[in-house]
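What follows is one structure encoded as structure tokens, with my remarks underneath.
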Amino acid sequence: MTGFLQNTFNGLVSGAFYALLALGLAVIFGMLRVVNFAHGAFYMLGAFGAYVLLAEAGVPFWWALVIMPVGLGLFGVLLERTLIHRLTRLDPLYNFLLTFGLTLILQDLVKSRYGVQSSPYATPGELDGSVDLGLFDFPTYRVFILGFAVLVCVAVWWLLSHTRIGLVVRAATERPELTRAFGIDVGRWVTPVFGFGIALAGLAGVLAAPMRAVNPLMGADLIIVVFAVVVIGGLGSIFGSVAAGFGIGLIQAWGEAYAPPILSQTLVFIVMAVVLLWRPAGLFGREESPA
């Protein structure tokens, strides 16, 4: 029983990263209809930025948790205005290739400066140690990650559900054509929403730095699973992305603990195939109306 609870908690922690990354991807895709393949690279930059700030400038984790999401969000705004925006009227494949190429560039820039070996990032002193959860002890930092990610997801949900700006963004994300039909200028929200999605990726990267190896390929190892999470939850569905993120985290943890290795490595994609056969739009996605 204790082992099952520990695996469940580990799955929720992994799901927290998936939820944050998938939330940013879902918002960007819903608003721009752009498959942002560079999302994993921005996650990597968030972790590497925190590492560089600490190693070269002595900036602690708590400041990096603010600086990196804001900085990457502003970079995302610049990227959307200078490159992404120019290709939105063309086939979506062009922006996919653009973000794929951007991923390779960012990874190679980091590798050329810091190499390919993993770099350690110390856990903040305030979050070192473990917490007694009754039946077992669990690392304090992982408890913090789970609580912080849930808080961020709830805050984003509240913003999107209880403010006028949030309602417009959510409508434009989940039903852009219908939103335009009501006379709302969706275009004015595109740039800040893209920057916000990138900021969430950077935030997840900073959170991952003390827990996972900081290396140039850490985003590439994660982004395929995150894409599967978004597809399972439903493309453009904000709630679906968060729910599927935590769900896939649990399925992965249980699979690694109790399933044969060959099955645990492909379990996410088996789930995705089953979901798409049952609901082609994903668990919480909406079927496109026929033209």
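The values are calculated or read from the model by the stated rules, or taken from the named source; none is laboratory data. Just so it is clear, the structure is predicted and the values come from calculations on it, not from any experiment. Cβ sites come from the backbone with ideal geometry, for glycine too, and all protein chains shown count toward neighbours. Areas reflect the complete protein model, heavy atoms only, side chains present, ligands, DNA and RNA absent. Shrake-Rupley method; radii C 1.70, N 1.55, O 1.52, S 1.80 Å.
Data overview
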{"read-out": "Scan of region 103-131 for residues that are open to solvent by 60 Å² or more (accessible area, probe 1.4 Å) and either assigned to a loop (DSSP other than H, G, I, E, B) or of a type in the set (A, V, I, L, M) (or both), ordered by number", "value": "LEU104, ILE105, LEU109, VAL116, GLN117, SER118, PRO120, ALA122, ASP128"}
{"read-out": "In region 27-58, the residues that are of a type in the set (A, V, I, L, M) and closer than 15 Å to GLY195 by Cβ", "value": "VAL27, ILE28, MET31, LEU32, VAL34, ALA38, LEU45"}
{"read-out": "Residue check, VAL214 at negative phi, out of contact with any His (no Cβ under 8 Å at 6 or more places or on another chain) and at pLDDT 85 or above", "value": "yes"}
{"read-out": "Out of ILE238, ILE198, ILE224, ILE262, sole residue that is farther than 28 Å from VAL143 by Cα and either touching a His at 6+ places or on another chain (Cβ under 7 Å) or among the aliphatic types (A, V, I, L, M) (or both)", "value": "ILE262"}
{"read-out": "Extreme residue, surrounded by the most Cβ atoms within 10 Å (Cβ to Cβ), among residues of region 77-97 that are closer than 21 Å to ALA201 by Cβ and hydroxyl-bearing (Ser, Thr, Tyr)", "value": "THR88"}
{"read-out": "Odd one out for TRP63 among (1) under 30 Å from TYR258 (Cβ atoms); (2) without any contact (Cβ under 8 Å) to a residue 60 or more places away in the chain", "value": "(1)"}
{"read-out": "Which listed residue is surrounded by fewer than 19 Cβ atoms within 10 Å (Cβ to Cβ), among the hydrophobic types (A, V, I, L, M, F, W, C) and assigned to a helix (DSSP H, G or I), from PHE42, PHE4, PHE29", "value": "PHE4"}
{"read-out": "Residue satisfying all of: in region 245-260; among the small types (Gly, Ala, Ser) and open to solvent by less than 10 Å² (accessible area, probe 1.4 Å); farthest from GLY30 (Cα to Cα) among these", "value": "GLY255"}
{"read-out": "Some residue of region 32-39 being open to solvent by 10 Å² or more (accessible area, probe 1.4 Å), β-branched (Val, Ile, Thr) and more than 23 Å from LYS111 (Cα to Cα)", "value": "yes"}
